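Novice: Structure incoming, see below.
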Amino acid sequence: MRLARFIAAGFGTGYAPLAAGTVASATAAVTGAGLLLLSPWMLVLAALLATAGGYLAIKRAAIEGDPGWVVIDEFAGQWITLLALGRPTIAGLIAAFILFRLFDITKLGPVGWADRQHGAFGIMADDVIAGIIAAVLLLWAQAGWPEWFT
């Protein structure tokens with residue numbers, strides 16, 4: 001398997017037999033929590049690398065459409081969402097996972113617009129935007145109900 005396809009497949013998680021996007025998001029939430037524990041900057045770096053590296057891997061592998069096995073975009077979006085957490089907590093990770101998946105699956109607002117774009121940009125952009133929206137909502141939830149996230 002070429003490296004570009006391995007990266008595009010979310011380091012192999014895209015080959016899960018069922019719900020590859022959800023498997024990739026869950027894997028990203030767990031690994032993102034670990035990175036956040038090490039340093040928030042590690043998570044920032046991972047999110048940037050997944051976004052830029054995912055875009056380049058998708059282009060390099062000449063992927064057409066948005067096949068279900070391409071899930072590096074889920075890693076990027078989930079990690080962007082996790083950036084809203086000061087530290088990982090069970091409640092925070094669950095909220096981040098649910099919010100990201102909600103916007104990724106429903107394609108509400110600008111997420112839907114991005115999903116309709118073609119090529120590597122469209123594949124990556126909808127999840128990046130879903131991650132940003134989910135992060136903003138997660139910050140809002142933490143401000144309103146901080147006891148839920150401690």
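Every read-out reported here was derived from the displayed coordinates using simple, explicitly stated rules and does not represent laboratory data. Please read all numbers here as calculations on a predicted model, not as lab measurements. Ideal geometry is used to build each Cβ from the backbone, glycine not excepted, and the neighbour counts take in all protein chains shown.
Novice: Only one residue in ALA46, ALA95 is of a type in the set (A, V, I, L, M), free of Cβ contacts under 8 Å to residues at least 40 places away in the same chain and part of a helix (DSSP H, G or I). Which one?
Specialist: One residue alone meets the criteria, ALA46.
Novice: How about segment 1-31: which of its residues are among the aliphatic types (A, V, I, L, M) and either surrounded by fewer than 21 Cβ atoms within 10 Å (Cβ to Cβ) or farther than 20 Å from VAL128 by Cβ (or both)?
Specialist: MET1, LEU3, ALA4, ALA16, LEU18, ALA19, ALA20, VAL23, ALA26, VAL30, listed by residue number.
Novice: With the requirement that a residue be free of Cβ contacts under 8 Å to residues at least 40 places away in the same chain, under 29 Å from GLY86 (Cα atoms) and more than 16 Å from the chain's Cα centre (by Cα), what does segment 1-43 give you?
Specialist: LEU38, SER39, TRP41
Novice: Would you confirm whether or not segment 63-86 contains a residue that is within 26 Å of TRP145 (Cβ to Cβ), of a type outside the set (A, V, I, L, M) and in a loop (DSSP other than H, G, I, E, B)? Quick ask: steps written out before the conclusion?
Specialist: In the first step, residues of segment 63-86 are kept if they are within 26 Å of TRP145 (Cβ to Cβ); the result is 77-86.
So of that shortlist, the ones also of a type outside the set (A, V, I, L, M) come out as 77-79, 81, 86.
In the following step, the residues that additionally are in a loop (DSSP other than H, G, I, E, B) were identified as 86.
Yes: one or more hits.
Novice: Right, something else. Looking at (1) over 15 Å from the mean Cα position of the chain (by Cα); (2) part of a helix (DSSP H, G or I); (3) buried (at least 17 other Cβ atoms within 10 Å of the Cβ), which is the only condition LYS59 fails?
Specialist: Tallying (1) over 15 Å from the mean Cα position of the chain (by Cα); (2) part of a helix (DSSP H, G or I); (3) buried (at least 17 other Cβ atoms within 10 Å of the Cβ), LYS59 fails exactly one: (3).
Novice: Ok, one more. Out of the residues in segment 105-121 that are touching an Asp or Glu at 6+ places or on another chain (Cβ under 7 Å) and closer than 18 Å to THR51 by Cβ, which is surrounded by the fewest Cβ atoms within 10 Å (Cβ to Cβ)?
Specialist: So in segment 105-121, the residues touching an Asp or Glu at 6+ places or on another chain (Cβ under 7 Å) come out as 107, 111, 114-115.
Pick out the ones that are also closer than 18 Å to THR51 by Cβ and you get 111, 114-115.
On the way: VAL111: 24, ALA114: 19, ASP115: 17.
Taking the candidates together, the pick is ASP115.
Novice: Sticking with this one: When segment 99-121 is examined, which residues are found to be under 17 Å from THR22 (Cα atoms) and not in a helix (DSSP H, G or I)?
Specialist: Residue satisfying the conditions is LYS107 alone.
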